[in-house]
Amino acid sequence: MIDNSRLIRNSIRNTGLLTDDQIKQALEFQLKSKDRLSYILTKMDFIANEDVVTSLPSQIGLVPSSLKGIQINKDAVKKVSSSFAYQHRILPINLQDGVLTIATDDPLNFLALDNLSNIINLQIKAILVTEDELRESQNIYYGVKKEEKKALDNVVQTIDSEEEYYGKNEDASFTYTSSEEDAPIIRLVSLVLSEAVKNRASDIHVEPLEKEFRVRYRIDGLLHEVPAPPKHLQASIISRIKLMAGIDIAEKRLPQDGRIRVRLLDKDLDLRVSTLPGIYGESVVMRILDKSSLLIGLEEIGFLTEDRKKFEELIAMPNGTLLVTGPTGSGKTTTLYAALNHLNKPNKKIITIEDPVEYQLKGINQVQIRPQVGLTFSSGLRAMLRQAPDVILVGEIRDKETASIAIQAALTGHLIFSTLHTNDAPGAVTRLIDMGVKGYLVASTLQAVLAQRLVRRICPSCKEPYAPKPDEIKAMGLKEEDLAGAEFMMGKGCPECSNTGFRGRQAIFEMLIVNDVIREMIFERKSSSEIKRKAVQLGMKTLKEDGKMKALRGVTTISEVIRVAQMDEM
């Protein structure tokens, strides 16, 4: 695999404009901020803005050019999905003799270009254009974005024509009523929401930057920038969202949380809204909760047949603790809800305590924690035990008290489901012990830990066979016997998947079943790495192994598994 950080470092060093120390600082800052490198260099005063536009491009070998008068090849445009183009600030303009010419407005965009070259297996030639030219041409040649921008421009034009109602003061407070003058802003926010739902987004990120107002959708786990309203409407839009979420629009100094219930595109949706004060205004993230996308069975989640049978046996046990681990947004709640749906029978009493209750499950008692009145995970869990439940779902084990009560409940004949934030399955054991739970209690009650991540599924409408590159085969550790009978697939891009080649996501799993050997290791307080090694010897598939099997079966791609589970090494 290519060392991308070294590639960037060497390319910038060759310009002679920055020292090694400056390059190191800028790259470290980029890892945290995810901003463009050229923006970071000017922000840190390592290089003047005019050098980014003039000296830096010439040192790298990029010549400032213009898209005016250039005949853009539509076949070249189809080589790159609209989401990739918008996210990485590029536009394909010509394809000839195996060389794809790319226009970009960022002279330090060679990392994205190198990744693109590896993805599409073509040589890349870049030309440097202005940001305005790039954006205008992107909106012309990517159809979906063009339609979105046209709708956006129509609403913005209405707002600008009624400017006396809104003004241009970004710091002004806005109070919304149902009067006619508010309709344009309401329509604008509704447009942003409906386009997100139409594009299957799970989150909407509304982000005020220094000179622009950015809107991004998270689709299949990755953020994609979309045409955004002008900067001068920033305060109006954020105030409208806060009002809809029942958030104090006058408070701009503190983070706030709220909730919006809305019907869009014949769907009843819940939006969890979070605001965070920043130096250029409040950043807003709206998580879209769609009931129809959550209530699925164990078959659809992504279990291989043999693993699903093991999981069904585990959740059928009369008592014990089953934990699902992974980072935020890895599908833990979906997996646990699928397990509850599987168990939801008239002869079982199931109670959940969550923060928040994301979806209402028919026939199940659900409790929303309210810390402001003393209803926390720990106090609610104590009260739930007096309700004689068979199965209890604790939304998340966050502290020693909640962990101890859950463990005690498992000891007294209850089946406990919960989640933890750990990188892998064995890490949940040491996490509980670090919280203060006695090792012998963990060993006695823990039945299994399921770690999971989400990988993008290849679009079924445009999937086609492909031959993986040698470096992909090496990175996945594939052997000759693995390749025999493999069905490697890749999506070539189509309207159904917005030309990304992927549509939807599926989980990959690492299931640690606590047998007598593992139980003894927990009792002896062995490290998570030792437990993992032993579990693999006993037959546990790691996240990477499970992902490899799904890549071999044509469910996802090797590069997608590497992206999600690349740190899964022992």
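The values are calculated or read from the model by the stated rules, or taken from the named source; none is laboratory data. This one's a predicted model, so the numbers in the text were calculated from it and none came from an experiment. No Cβ is skipped: glycine too gets one built from the backbone with ideal geometry, and neighbour counts run over all protein chains shown. Areas reflect the complete protein model, heavy atoms only, side chains present, ligands, DNA and RNA absent. Shrake-Rupley method; radii C 1.70, N 1.55, O 1.52, S 1.80 Å.
In table form, for the structure just shown:
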{"quantity": "Region 78-117, residues that are on the phi > 0 side of the Ramachandran plot and either surrounded by fewer than 17 Cβ atoms within 10 Å (Cβ to Cβ) or β-branched (Val, Ile, Thr) (or both)", "calculated": "Asp97, Gly98"}
{"quantity": "Candidates Glu472, Glu487, filtered to the one that is crowded, with 16+ Cβ neighbours inside 10 Å, charged (D, E, K, R) and either at pLDDT below 85 or assigned to a loop (DSSP other than H, G, I, E, B) (or both)", "calculated": "Glu472"}
{"quantity": "Residue identified as under 19 Å from Glu358 (Cα atoms) and touching a residue at least 60 places away in the same chain (Cβ under 8 Å) among Ile247, Ile260, Ile288", "calculated": "Ile288"}
{"quantity": "Among residues of region 514-541, those that are more than 22 Å from Ile315 (Cβ to Cβ) and outside any helix (DSSP H, G or I), counted", "calculated": "4"}
{"quantity": "Counted residues, region 397-421 - those being surrounded by fewer than 16 Cβ atoms within 10 Å (Cβ to Cβ) and either of a type in the set (Lys, Arg) or under 33 Å from the mean Cα position of the chain (by Cα) (or both)", "calculated": "2"}
{"quantity": "Exclusive hit being touching a residue at least 24 places away in the same chain (Cβ under 8 Å) and in contact with a Ser or Thr (Cβ under 6 Å, 6 or more places away or on another chain), set Lys332, Lys267", "calculated": "Lys332"}
{"quantity": "The one condition in (1) among the basic types (Lys, Arg); (2) more than 22 Å from the chain's Cα centre (by Cα); (3) modelled with pLDDT of 90 or more that Lys231 fails to fulfil", "calculated": "(3)"}
{"quantity": "Those residues of region 315-339 which are open to solvent by 10 Å² or more (accessible area, probe 1.4 Å) and either in a loop (DSSP other than H, G, I, E, B) or aliphatic (A, V, I, L, M) (or both), in sequence order", "calculated": "Ala316, Met317, Pro318, Asn319, Pro327, Thr328, Gly329, Gly331"}
{"quantity": "Total residues in region 520-570, condition open to solvent by 50 Å² or more (accessible area, probe 1.4 Å), within 14 Å of Arg453 (Cα to Cα) and of a type in the set (Asp, Glu)", "calculated": "1"}
{"quantity": "Output for region 185-230, where each listed residue is acidic (Asp, Glu) and under 20 Å from Gln138 (Cβ atoms)", "calculated": "Glu195, Glu207, Glu212, Glu225"}
{"quantity": "Output for region 446-465, where each listed residue is surrounded by 23 or more Cβ atoms within 10 Å (Cβ to Cβ) and more than 30 Å from Thr500 (Cα to Cα)", "calculated": "Leu446, Ala448, Val449"}
{"quantity": "Selection within region 280-314 - at pLDDT below 90, open to solvent by 70 Å² or more (accessible area, probe 1.4 Å), of a type outside the set (Ser, Thr, Tyr) and assigned to a helix (DSSP H, G or I)", "calculated": "Lys291, Glu299, Glu300, Glu306"}
{"quantity": "Any hit, region 459-472, residues being within 30 Å of Ser82 (Cβ to Cβ) and among the hydroxyl-bearing types (Ser, Thr, Tyr)", "calculated": "yes"}
{"quantity": "Lone qualifier among Gly221, Gly302, Gly297 - being out of contact with any strand residue (DSSP E or B) (no Cβ under 9 Å at 6 or more places or on another chain), of a type outside the set (D, E, K, R) and within 30 Å of Leu543 (Cα to Cα)", "calculated": "Gly297"}
{"quantity": "Restricting region 507-519 to residues that are touching a residue at least 40 places away in the same chain (Cβ under 8 Å) and crowded, with 18+ Cβ neighbours inside 10 Å, the residue that is nearest to Lys198 (Cα to Cα)", "calculated": "Ala507"}
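For every residue, the table says whether it meets (1) over 28 Å from the mean Cα position of the chain (by Cα); (2) at pLDDT 85 or above.
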{"site": "Ile353", "(1), (2)": "no, yes"}
{"site": "Tyr359", "(1), (2)": "no, no"}
{"site": "Lys362", "(1), (2)": "yes, no"}
{"site": "Asn365", "(1), (2)": "yes, yes"}
{"site": "Ala383", "(1), (2)": "yes, yes"}
{"site": "Gln387", "(1), (2)": "yes, yes"}
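Every residue, every condition in (1) assigned to a loop (DSSP other than H, G, I, E, B); (2) free of Cβ contacts under 8 Å to residues at least 40 places away in the same chain; (3) under 22 Å from Lys532 (Cα atoms), yes or no:
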{"position": "Met384", "(1), (2), (3)": "no, yes, no"}
{"position": "Glu396", "(1), (2), (3)": "yes, no, no"}
{"position": "Glu401", "(1), (2), (3)": "no, yes, no"}
{"position": "Ser404", "(1), (2), (3)": "no, yes, no"}
{"position": "Ile416", "(1), (2), (3)": "no, no, no"}
{"position": "Asn423", "(1), (2), (3)": "yes, no, yes"}
{"position": "Ala428", "(1), (2), (3)": "no, no, yes"}
{"position": "Tyr440", "(1), (2), (3)": "no, no, yes"}
